[in-house]
1. Which condition breaks for His176 when tested against (1) more than 17 Å from Thr284 (Cβ to Cβ); (2) surrounded by fewer than 17 Cβ atoms within 10 Å (Cβ to Cβ); (3) modelled with pLDDT of 90 or more; (4) out of contact with any helix residue (DSSP H, G or I) (no Cβ under 9 Å at 6 or more places or on another chain)?
2. Just to be sure I understand, how many residues within region 209-229 are assigned to a helix (DSSP H, G or I) and under 21 Å from the mean Cα position of the chain (by Cα)?
3. Going residue by residue through region 259-271, is there one that turns out to be outside any helix (DSSP H, G or I), at pLDDT below 95, basic (Lys, Arg) and in contact with a helix residue (DSSP H, G or I) (Cβ under 9 Å, 6 or more places away or on another chain)?
4. Tell me the residue from Arg281, Arg257 that is surrounded by 13 or more Cβ atoms within 10 Å (Cβ to Cβ), farther than 30 Å from Val170 by Cβ and in contact with a strand residue (DSSP E or B) (Cβ under 7 Å, 6 or more places away or on another chain), please.
5. Identify all residues within region 37-62 that are in contact with an Asp or Glu (Cβ under 8 Å, 6 or more places away or on another chain) and either over 11 Å from Leu9 (Cβ atoms) or modelled with pLDDT under 85 (or both); write none if there are none.
6. Which residues, counting only those in region 181-208, are modelled with pLDDT under 95 and not in a loop (DSSP other than H, G, I, E, B)?
7. Please go through region 272-297 and give me each residue that is under 18 Å from Thr114 (Cα atoms), assigned to a loop (DSSP other than H, G, I, E, B) and touching an Asp or Glu at 6+ places or on another chain (Cβ under 9 Å), ordered by number.
8. Is there any pair with a first residue in region 155-169 that is open to solvent by 10 Å² or more (accessible area, probe 1.4 Å) and among the aliphatic types (A, V, I, L, M) and a second that is part of a strand (DSSP E or B) and at pLDDT 90 or above whose Cβ atoms are under 6 Å apart and which are 6 or more apart or on different chains, and what are they?
Amino acid sequence: MKIQQLRYLYEVARQGLNVSLAAEKLHTSQPGVSKQIQLLEEELGVDILVRHGKRITGITEPGQKILAITERILRETENLTRVGADITGETEGSLSIVTTHTQARYALPSVIKTFSARYPDVQLRLHQGNPTQIVEMATSGEADIAIATEAIALCEELVMLPCYQWNRCVIAPPGHPLLTDPVLTLERIAEYPIITYDFAFTGRSQINKAFAEHNLNPNVVLMALDADVIKTYVELGLGIGIVASMAYDPQRDRNLRAIDASHLFDPSTTKIGIRRGTYLRGYTYAFIEMFAPHLDHSVVTAAMNTGETGD
């Protein structure tokens, strides 16, 4: 039995039993992947995959158990590599982060600048994705850290570390009637066309919940994946925007005005998600603490060991 065979099996399962895609991800040939899995089955004396002709259509019951063990073996193999790297080169390596546009654009720049100055020999990779992509990259190990608001909270394979709470503001062009209201209300917001986040992004459910509780049906004319797009169309006069407060910068957004809306919506919590059972390099702990100072080494270690993440 070889680690390579386990990697091939794991990747085939991860690619939805598509051997061609698995071979592409592994930078090898399709026949080579198929052959190594067959050799593994022969050595174990069980069929792992269900086949109809040349097509793989499922995973056998013993195969499910083998796949679960395979995932643990590969994870521990990766952890061994990380332990060795920590001992031989504490400040060298790579750190992969997957997050949303809002976090990448507004919350992370200062942290990444500080981290890069402190760890110049660590190759930092920053990926942006939608909620599904964020979870997939974090659970598969493609990303070491996931940073998001709602996407990762539903994934049991990740340990969740609460970082900070945030809320929203309403943005509008200068001279908009809402800017003169003494108190911003949901009823007044609902009178205008609204541009806000896509349903899956950045606490959108909190917006929906607030309007529903007041029996209001807001006129959402445009949904976007990031705040910069929302601001662009608000500037064009298509409607008012509801965005994360951190996404409004009066110096950069000179063609817009913002009204605090934190009294109208429940706050959202940004969290860091880390795959369970992962060995964290020293500089990974440092990055987490830079992003959320209350998440020091001892807090993160305790969460990783117990799986308890807090609210």
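1. (2)
2. First, pick out the residues of region 209-229 that are assigned to a helix (DSSP H, G or I): 209-213, 227-229.
Next cut, under 21 Å from the mean Cα position of the chain (by Cα) only: 227-229.
The number of residues fulfilling the criteria is 3.
3. The answer is yes; a qualifying residue exists.
4. So the residue among Arg281, Arg257 that is surrounded by 13 or more Cβ atoms within 10 Å (Cβ to Cβ), farther than 30 Å from Val170 by Cβ and in contact with a strand residue (DSSP E or B) (Cβ under 7 Å, 6 or more places away or on another chain) is Arg281.
5. First pass over region 37-62, keeping only residues in contact with an Asp or Glu (Cβ under 8 Å, 6 or more places away or on another chain): 41, 47-49, 60, 62.
Passing the criteria: Asp47, Thr60, Pro62.
6. Thr196, Tyr197, Arg204, Ser205, Gln206, Ile207, Asn208 - these are the residues of region 181-208 that are modelled with pLDDT under 95 and not in a loop (DSSP other than H, G, I, E, B).
7. If the condition is that a residue be under 18 Å from Thr114 (Cα atoms), assigned to a loop (DSSP other than H, G, I, E, B) and touching an Asp or Glu at 6+ places or on another chain (Cβ under 9 Å), then Arg281, Leu295, Asp296 are the ones that fit.
8. Met160/Lys271; Met160/Gly273
The values are calculated or read from the model by the stated rules, or taken from the named source; none is laboratory data. Because the structure is predicted, anything quoted here is derived from the model rather than measured. Glycine also receives a Cβ, built like all others from the backbone with ideal geometry; neighbour counts cover every protein chain displayed. These accessible areas exclude ligands, DNA and RNA; they are computed on the full protein's heavy atoms, side chains included. Shrake-Rupley method; radii C 1.70, N 1.55, O 1.52, S 1.80 Å.
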